[in-house]
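> Handing you a structure now.
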Amino acid sequence: MARMHCSRRGKSGSTRPLSKIPPPWVKLTSEEVEGLVVKLAREGVPPSRIGVLLRDQYAVPLVKLVTGKKVLKILEENNLKPAIPEDLSNLIERATRMRRHLASNRSDGHNIHRLQLVESKIRRLVKFYKREGVLPPNYEPVLA
């Protein structure tokens, strides 16, 4: 992901598998992987961590290769999809922490500027999710 509010180039990342079929060493079936996704979601694990846990503990390189569906699609089918997308909720949580810090450190100019940038990202994401129909048209983020 390219960084939005800085002059650096971006971060390097690992490449996804090229194959569209699951590797031969994956022992779990499609139903077992879906069951694990649902079980982990019921335990309160966020969708991004579900993929990491499946990769590291259950040797499932990519959920979509095994099941044909993404993690969020599986959660949506089982009525476990989060109400607010995970990236947006993480940004709102970060802005809340920054506001709490500013309450006791009013002259922290660096934090004031960073809070403005985070809130800008929140507004941009909310606008995108409203346009895509993920969030209702009357949604307003709670930044307190």
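> Tell me which residues, restricted to the range 102-132, are more than 19 Å from C6 (Cβ to Cβ) and loosely packed, with under 12 Cβ neighbours inside 10 Å.
Correct list: A103, S104, N105, R106, S107, K127, R131, E132.
> Also: Which residue is surrounded by the fewest Cβ atoms within 10 Å (Cβ to Cβ), if the candidates are limited to the range 74-99 and must be among the hydrophobic types (A, V, I, L, M, F, W, C) and assigned to a loop (DSSP other than H, G, I, E, B)?
A83
> In this structure, does P61 turn out to be out of contact with any Cys (no Cβ under 9 Å at 6 or more places or on another chain), in contact (Cβ under 8 Å) with a residue 24 or more places away in the chain, within 30 Å of L28 (Cβ to Cβ) and not acidic (D, E)?
It is true that P61 is out of contact with any Cys (no Cβ under 9 Å at 6 or more places or on another chain), in contact (Cβ under 8 Å) with a residue 24 or more places away in the chain, within 30 Å of L28 (Cβ to Cβ) and not acidic (D, E).
> Let me ask you something else. For the range 23-59, name all the residues that are of a type in the set (A, V, I, L, M, F, W, C) and assigned to a loop (DSSP other than H, G, I, E, B).
W25, V26, L28, V45, A59
> Please state which of the following conditions L125 fails to meet, knowing it meets all the rest: (1) in a helix (DSSP H, G or I); (2) out of contact with any helix residue (DSSP H, G or I) (no Cβ under 6 Å at 6 or more places or on another chain); (3) farther than 28 Å from V26 by Cβ.
Every listed condition holds for L125 apart from (2).
> Quick check on this structure: which one of V71, V60 is over 26 Å from L88 (Cα atoms), surrounded by 17 or more Cβ atoms within 10 Å (Cβ to Cβ) and hydrophobic (A, V, I, L, M, F, W, C)?
V60
> Are any residues in the range 133-144 exposed (fewer than 13 other Cβ atoms within 10 Å of the Cβ) and either in contact with a Gly (Cβ under 7 Å, 6 or more places away or on another chain) or not hydrophobic (A, V, I, L, M, F, W, C) (or both), and if so, which ones?
The answer is G133, P136, P137, N138, E140.
> Of all residues being β-branched (V, I, T) and closer than 12 Å to L62 by Cβ in the range 1-33, which is modelled with the lowest pLDDT? Just the residue, please.
Here the residue is T15.
The values are calculated or read from the model by the stated rules, or taken from the named source; none is laboratory data. Because the structure is predicted, anything quoted here is derived from the model rather than measured. We place every Cβ from the backbone using ideal geometry, glycine too, and count neighbours over all the protein chains shown.
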